[in-house]
There are 2 protein chains.
Amino acid sequence: MPEKSEPPGTASASVVASASVAKKGARQRRVTITDVGTAAGVSTSTVSRVLNGTARVDPELARRVQDAVAELGYRPNAAAQGLARGEAGAIGVLVPDLSNPYFLDVLKSVSAVARSNGRRVMAMESDEDATSEHELAEDLMRCCDGVLLCSPRMNRAELVDLSMRGHPVVLVNRIVPGLSLPSVSVDFYGGMTLVCGHLTQLGHRCVAYLSGPEASWANAERIRAFDAAAAFGVDVDVTVIPCGHTARHGYAAADAVRDSGVTAVVAYNDLVALGAVTALEDSGLRVPEEMSVIGCDDISLDDLPSSRRLTTASLARDELGRQAAQTLEALMAANGDTEPKLIPMELRVRHTSAPPAVPAH
Amino acid sequence: MPEKSEPPGTASASVVASASVAKKGARQRRVTITDVGTAAGVSTSTVSRVLNGTARVDPELARRVQDAVAELGYRPNAAAQGLARGEAGAIGVLVPDLSNPYFLDVLKSVSAVARSNGRRVMAMESDEDATSEHELAEDLMRCCDGVLLCSPRMNRAELVDLSMRGHPVVLVNRIVPGLSLPSVSVDFYGGMTLVCGHLTQLGHRCVAYLSGPEASWANAERIRAFDAAAAFGVDVDVTVIPCGHTARHGYAAADAVRDSGVTAVVAYNDLVALGAVTALEDSGLRVPEEMSVIGCDDISLDDLPSSRRLTTASLARDELGRQAAQTLEALMAANGDTEPKLIPMELRVRHTSAPPAVPAH
DNA sequence: CTGTTAGCGCATTCAA
DNA sequence: TTGAATGCGCTAACAG
């Protein structure tokens, strides 16, 4: 046991004084639980007890401990707690793109749930890159009690790999048959079905779909919906145009849309749709009179002018985040609720969809 | 030394097999560095060395270690590393509101800088609440090597308190004279000066300002700019209308704007401005013909239609985040660069500002 | 170049 | 109720 160590501040020193001195001096030794114990004249276990409420402690001792804590400005070291307790007190969230307001809302509600459970949240962004995604996910697993994988682009094998670590992971917006990972996803298939219905009812027969990232499950689901429409005998012809996931991508794809001779275009998401609208209008085409444009995600914030303009498939993003976080929480509590959850979408008809200029006869 | 412990997988067992067994069985013991050492027939220090590249190791031993790592699926425990190394490998970012795209962009660029320095980022949101903000900041300091406080609402005393912890903290969008914390901020004062100039040149004399959160330094800076304009003899009368920071707030404040008899309104930020535009147009007023509306932050994403509509004061948000992160990094490396950095704003004249309907004679 | 020995700061047994 | 002892998993002196 070290005898020579002198606590960085005696019980009689004021917090301010000791701290300000420390600030300027050489990198001071952090105040530890031992310092508190010494100052309060109790053992470290007692300090730990009063701080965590783990067991009953004599009120008098408790007071002395709290005083010492205040006096010394003691803050438990998170790493040490994590090591001793065997849990990090944090959950990780991995998203493909932090710039997308969509994920922000998810992050926000996840964050709220996590906090209410006394957990911090660690956010990472994969930049739509499947390779880095796997690494980042591994890294998150190393420092978090559980991980939320949002719209993961990684392949099935990598997902299987992660699922076998025996570490709580839940998938958001991705359903992989046969995988033992719980998942919470938006019903994009249902959403696009609504969009199809809307367009055909307006009289559109030739529609383009601005396709998102190749590896996106959400993208595949949307396409699956179009295919199904055709299979069900719906009289609509869908041209898939490779595009991307940002407004810039949508902007760049506008020419291809014009050239394809369609009367309406469905975009991978609202960002793409807004980019397309801009480009289309720039080129002199009127939306929706000459070209209907439909988005997905209903990304705009409440009361925004743009939010009222774009016809889109909408969902409760906060609900998505909340359910995802709760599912993860349940998983960490060892309750394996592996049923995939689906969040429904609604069609939001606004100002960018209308009957085609030249209706099909 | 424990003799009876049996590693969760022998060196000859495949990763898949051992992992899948573990998944279903009782909560398995995590693979530790000791297991790896045993499997590879070396000491834990050697394992540590090859994993961290801390020192030269015999190639043969290194290979055995790497094989064992792969075989056992070993991942270092982040908490243990943090404790042993004395650093968490993460930085914390505290923002008032995660829903605001403004902070998203900051978070994104901060995140990029952090990652390139091998650090994770922990994000927290204070919900514009000064009280929780202080607590959250403390919590972040416990588990991160450094903290970025974005647009902090807490009072000076609390800031002083944090600054005395001898823990790296940098302020973003807040400058507190006499405080020994580095800061990186947007030059809102300069930005609003540009806006004032633009409006007076257009001929506006009566202008309203939709004021943001009371505790917001950015808000105070904007108001300071208006005051200064008056002081400099600029012929403009500014009415300050208490409002808020969201689109909804802006929407709700539109009536007050109309009643105030002004010909132009400057909003706390773009969200508020967009809300105001929506409400104004809903009430039959034409923007900008009958009312000019100017925002701040240039929040919209590239190529978005709305981004081309709103006249606003713009800045390079990624630059803000990058500089903030770099300043923090420098601070953590013990380089005290306490000079407050200022990011300039530019006026972005778009479609929501025009001369007043009834020009001043 | 490698193994042995100590802690890092805290929670938690186990006795008292 | 309390304190002493032990270990969480890893890194870093220190010897060899």
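The values are calculated or read from the model by the stated rules, or taken from the named source; none is laboratory data. From a predicted model like this one, the values you see are computed outputs, not experimental measurements. All Cβ positions, glycine included, derive from the backbone under ideal geometry; neighbour counts span all protein chains shown.
Please determine, by comparing only the residues of region B:251-290 that are part of a loop (DSSP other than H, G, I, E, B) and away from every other protein chain (no Cβ under 14 Å), which one is surrounded by the fewest Cβ atoms within 10 Å (Cβ to Cβ). Give the derivation first.
Within region B:251-290, the first condition is being part of a loop (DSSP other than H, G, I, E, B), and the residues that meet it are B:260-263, B:268-269, B:283-290.
Applying the additional criterion that residues be away from every other protein chain (no Cβ under 14 Å) yields B:260-263, B:268, B:284, B:289-290.
Numbers: B:Ser260: 13, B:Gly261: 9, B:Val262: 22, B:Thr263: 23, B:Tyr268: 27, B:Gly284: 7, B:Glu289: 11, B:Glu290: 16.
Among those residues, the one meeting the criterion is B:Gly284.
Please identify the pairs in which a residue from region A:309-320 that is without any contact (Cβ under 8 Å) to a residue 60 or more places away in the chain has its Cβ atom under 9 Å from the Cβ atom of a residue that is charged (D, E, K, R) and assigned to a helix (DSSP H, G or I), counting only partners at least 6 apart or on another chain.
Close Cβ pairs satisfying both conditions: A:Leu310/A:Asp270; A:Thr312/A:Asp270; A:Ala316/A:Arg322.
Test B:Leu181 against the stated conditions and say whether it is within 10 Å of chain A (Cβ to nearest Cβ), in contact with a strand residue (DSSP E or B) (Cβ under 7 Å, 6 or more places away or on another chain) and on the phi < 0 side of the Ramachandran plot. Please lay out each step first, then the result.
Working: within 10 Å of chain A (Cβ to nearest Cβ): no; in contact with a strand residue (DSSP E or B) (Cβ under 7 Å, 6 or more places away or on another chain): yes; on the phi < 0 side of the Ramachandran plot: yes.
Here the answer is no, as B:Leu181 does not meet what is asked.
Is it the case that some residue within region A:121-142 is surrounded by 20 or more Cβ atoms within 10 Å (Cβ to Cβ), within 16 Å of DNA strand C (Cβ to nearest atom), of a type outside the set (S, T, N, Q) and under 18 Å from the mean Cα position of the chain (by Cα)?
no
Would you call A:Glu281 within 26 Å of A:Lys108 (Cα to Cα), charged (D, E, K, R) and modelled with pLDDT under 95? Lay out the reasoning, then the answer.
Values: within 26 Å of A:Lys108 (Cα to Cα): no; charged (D, E, K, R): yes; modelled with pLDDT under 95: yes.
Judged against the criteria, A:Glu281 is not a match.
Could you list, in sequence order, the residues of region A:110-120 that are within 11 Å of B:Leu98 (Cβ to Cβ) and surrounded by fewer than 22 Cβ atoms within 10 Å (Cβ to Cβ)? Reasoning before the result, please.
Keep residues of region A:110-120 that are within 11 Å of B:Leu98 (Cβ to Cβ), which gives A:110-112.
Listed by number, the list holds a single entry, A:Ala112.
Looking at region B:74-101, which of the residues that are of a type in the set (A, V, I, L, M) and facing another protein chain (nearest Cβ under 8 Å) is farthest from A:Glu138 (Cα to Cα)?
Here is the first cut: in region B:74-101, the residues of a type in the set (A, V, I, L, M) are B:78-80, B:83-84, B:88, B:90-91, B:93-95, B:98.
From what's left, facing another protein chain (nearest Cβ under 8 Å): B:78-80, B:83, B:88, B:90, B:98.
Details: B:Ala78: 11, B:Ala79: 15, B:Ala80: 16, B:Leu83: 20, B:Ala88: 17, B:Ala90: 16, B:Leu98: 25 Å.
Step by step, filter region B:74-101, then rank; the result is B:Leu98.
Among the listed residues A:Glu221, A:Glu138, which satisfies the condition of being out of contact with any Phe, Trp or Tyr (no Cβ under 6 Å at 6 or more places or on another chain), at pLDDT 95 or above and charged (D, E, K, R)? Spell out how you get there, then give the answer.
Numbers: A:Glu221 fails: out of contact with any Phe, Trp or Tyr (no Cβ under 6 Å at 6 or more places or on another chain).
Being out of contact with any Phe, Trp or Tyr (no Cβ under 6 Å at 6 or more places or on another chain), at pLDDT 95 or above and charged (D, E, K, R) holds for just one of A:Glu221, A:Glu138, which is A:Glu138.
Can you tell which of B:Val31, B:Val47, B:Val69 is more than 14 Å from every other protein chain (Cβ to nearest Cβ), more than 7 Å from DNA strand C (Cβ to nearest atom) and out of contact with any His (no Cβ under 7 Å at 6 or more places or on another chain)?
Working: B:Val31 fails: more than 14 Å from every other protein chain (Cβ to nearest Cβ); B:Val69 fails: more than 14 Å from every other protein chain (Cβ to nearest Cβ).
Only one candidate passes the filter, namely B:Val47.
Yes or no, residue by residue, for (1) within 14 Å of chain B (Cβ to nearest Cβ); (2) in contact with a strand residue (DSSP E or B) (Cβ under 6 Å, 6 or more places away or on another chain); (3) at pLDDT 90 or above; (4) outside any helix (DSSP H, G or I):
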{"residue": "A:Arg308", "(1), (2), (3), (4)": "yes, no, no, no"}
{"residue": "A:Gly321", "(1), (2), (3), (4)": "yes, no, yes, no"}
{"residue": "A:Thr327", "(1), (2), (3), (4)": "no, yes, yes, no"}
{"residue": "A:Asn335", "(1), (2), (3), (4)": "yes, no, no, yes"}
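Grab the helices (runs of 4 or more DSSP H) fully contained in region A:40-119, keeping just those with 2 or more residues being more than 13 Å from DNA strand D (Cβ to nearest atom), without any contact (Cβ under 8 Å) to a residue 12 or more places away in the chain and not aliphatic (A, V, I, L, M). Break it down stepwise before answering.
Details: elements: A:44-52, A:59-72, A:78-85, A:101-116.
Once the helices (runs of 4 or more DSSP H) in region A:40-119 are filtered for at least 2 residues that are more than 13 Å from DNA strand D (Cβ to nearest atom), without any contact (Cβ under 8 Å) to a residue 12 or more places away in the chain and not aliphatic (A, V, I, L, M), what remains is A:101-116.
Quick check, is A:Ala88 closer than 29 Å to B:Phe103 by Cα and within 16 Å of DNA strand C (Cβ to nearest atom)? Let's see the steps before the verdict.
Details: closer than 29 Å to B:Phe103 by Cα: yes; within 16 Å of DNA strand C (Cβ to nearest atom): yes.
When the stated conditions are applied, A:Ala88 passes them.
Can you tell me which residues in region B:102-111 are more than 8 Å from every other protein chain (Cβ to nearest Cβ) and either modelled with pLDDT of 90 or more or on the phi > 0 side of the Ramachandran plot (or both)?
Of region B:102-111, the ones more than 8 Å from every other protein chain (Cβ to nearest Cβ) are B:102-103, B:106, B:109-110.
Residues satisfying the conditions are B:Val106, B:Ser109, B:Val110.
Out of region B:174-184, which residues are free of Cβ contacts under 8 Å to residues at least 60 places away in the same chain and crowded, with 17+ Cβ neighbours inside 10 Å? First the steps, then the outcome.
Residues of region B:174-184 free of Cβ contacts under 8 Å to residues at least 60 places away in the same chain: B:174, B:176-179.
B:Arg174, B:Val176, B:Leu179 - these are the residues of region B:174-184 that are free of Cβ contacts under 8 Å to residues at least 60 places away in the same chain and crowded, with 17+ Cβ neighbours inside 10 Å.
Assuming B:Val236 fulfils every condition listed in (1) surrounded by fewer than 23 Cβ atoms within 10 Å (Cβ to Cβ); (2) farther than 19 Å from B:Ala225 by Cβ apart from one, which condition is it?
Of the numbered conditions (1) surrounded by fewer than 23 Cβ atoms within 10 Å (Cβ to Cβ); (2) farther than 19 Å from B:Ala225 by Cβ, the odd one out for B:Val236 is (2).
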